[in-house]
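The values are calculated or read from the model by the stated rules, or taken from the named source; none is laboratory data. Note that the coordinates shown come from a computational prediction; the quantities given were computed from them, not determined experimentally. Every residue, glycine as well, gets a Cβ built from its backbone with ideal geometry; the counts of neighbours run over all protein chains shown. Note: areas computed on protein heavy atoms with side chains; ligands, DNA, RNA excluded. Shrake-Rupley method; radii C 1.70, N 1.55, O 1.52, S 1.80 Å.
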Amino acid sequence: MASGKRAVPALAALLVGVILATPARSALAPTWQRLREFQRVLEAAAKALEGRPIDAVERLDAARFRVRAGPCRMEVRIVHHPRQNPGPQLFEAIPGEPDCS
């Protein structure tokens, strides 16, 4: 019976190791990746809009977002970078010029 009790922690440790080593851990789930993209878009737009409150963010396609702040509109592009190691997708948000006409 004592050897069976020692086998449970060893099996649990082995299962955790297998789960952590699988490719599924190498990228964020689509929901979390999208959240990171929205956060970066908001940060880039806030800087470009010089403190104007942002009213809306619309995802136009996989690489473009439209941001609205009062009378101003702008697009923010997402540029993905290749990964050298497992982990979340690397990208940057590049704001366009605000149109406040």
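Would you call residue 70 open to solvent by less than 50 Å² (accessible area, probe 1.4 Å), modelled with pLDDT under 85 and of a type outside the set (Val, Ile, Thr)?
For residue 70, the condition - open to solvent by less than 50 Å² (accessible area, probe 1.4 Å), modelled with pLDDT under 85 and of a type outside the set (Val, Ile, Thr) - is not met.
Would you pick out the residues in region 40-67 that are in a strand (DSSP E or B), touching a strand residue (DSSP E or B) at 6+ places or on another chain (Cβ under 7 Å) and within 16 Å of residue 93 (Cα to Cα)?
57, 58, 59, 60, 64, 65, 66, 67 - these are the residues of region 40-67 that are in a strand (DSSP E or B), touching a strand residue (DSSP E or B) at 6+ places or on another chain (Cβ under 7 Å) and within 16 Å of residue 93 (Cα to Cα).
Of all residues in region 73-84 being open to solvent by 40 Å² or more (accessible area, probe 1.4 Å) and over 16 Å from the mean Cα position of the chain (by Cα), which is modelled with the lowest pLDDT?
Looking at the filtered set, the residue picked out is 84.
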